[in-house]
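The values are calculated or read from the model by the stated rules, or taken from the named source; none is laboratory data. Note that the coordinates shown come from a computational prediction; the quantities given were computed from them, not determined experimentally. Glycine gets a Cβ as well: all are built from the backbone with ideal geometry, and neighbour counts include every protein chain shown.
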Amino acid sequence: MRLYRCRERILAEQEGEFFALAATSWDELVAREDLSSYVLQLISRAKSCAAPAAPELLPPIGSQEVWAAGVTYYRSRDARMEESKDAGGGSFYDRVYHAERPELFFKATAHRVVGSGGKVAIRSDASWSVPEPELVLFITPGGKIAGYTVGNDMSSRDIEGENPLYLPQAKVYDRSCAMGPCLLLSEELLPASTEITIEIRRGGKTEFSGATKLEEMKRRAEELARYLYHSCSFPYGCFLFTGTGVVPPESFTLQAGDEIRITIPLIGTLENTVG
């Protein structure tokens, strides 16, 4: 079952059929602890409708904060150690990969998030920018994982590599975060065999592609959610990026006009252009 936040309505998709829900507030809807069962109730009283057109889609976020976990895949650990070795920060990433406590950082407020079809940005003062394809958890105010979406954590690798303390500048800026196209509702964890793929096209040709699976993630989703909610409250729930296992080579950097497609089969494809 999937939820779509649209410009003038909220839609649910169940078994390939779409329904316009009698709900006007995204925040009030997704903040429910019984989200899946409540949406099923709304579907039972709703009329079927056409699938949403691409221009109608908004990112599946209202007033929620977006947080992210880092160095949750071995590939990410290697990439971070390599980019920061000259600054002497390489050992930090190896240590957090093996530590009991995960790396968690604030990523975005809603106004910095774009949806599928929107334009993501690269910093004007960065020379090495990459997308990071990730599974994103939606966690209820009570700390329960209730859904999933596809995410792109845009990152300025040269800025973070210069000094790990520059991570907020490398990660947090306008249009540095993309999520969509929908929110997959599920109270069960996604299978470990779930694949995350990315393709970056430039001038009509594939410039980079890669894939990973959730089974390659060192941290468990429940573990990340538990640490995030320790001593923090989220009245409308929260989105949590779970880290990336796909890192382009050092010779690659994004350019204006690049097309980014990130797919998680159970959820859908997040499509964005750099601009």
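At a glance:
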item: One residue from Leu254, Leu270, Leu228 being surrounded by 15 or more Cβ atoms within 10 Å (Cβ to Cβ), touching a Leu at 6+ places or on another chain (Cβ under 7 Å) and modelled with pLDDT of 95 or more; result: Leu228
item: Residues within region 43-70 that are in a loop (DSSP other than H, G, I, E, B) and more than 30 Å from Glu216 (Cβ to Cβ), tallied; result: 10
item: Filtered residue count, region 1-42, keeping only those that are touching a strand residue (DSSP E or B) at 6+ places or on another chain (Cβ under 8 Å), part of a helix (DSSP H, G or I) and either farther than 26 Å from Pro265 by Cβ or touching a residue at least 40 places away in the same chain (Cβ under 8 Å) (or both); result: 4
item: Entirely in region 88-171, the strands (runs of 3 or more DSSP E) that have 1 or more residues that are among the basic types (Lys, Arg) and modelled with pLDDT of 95 or more; result: 103-108
item: Residue match in region 190-198 (condition: of a type outside the set (Val, Ile, Thr), surrounded by 13 or more Cβ atoms within 10 Å (Cβ to Cβ), modelled with pLDDT of 95 or more and part of a strand (DSSP E or B)); result: yes
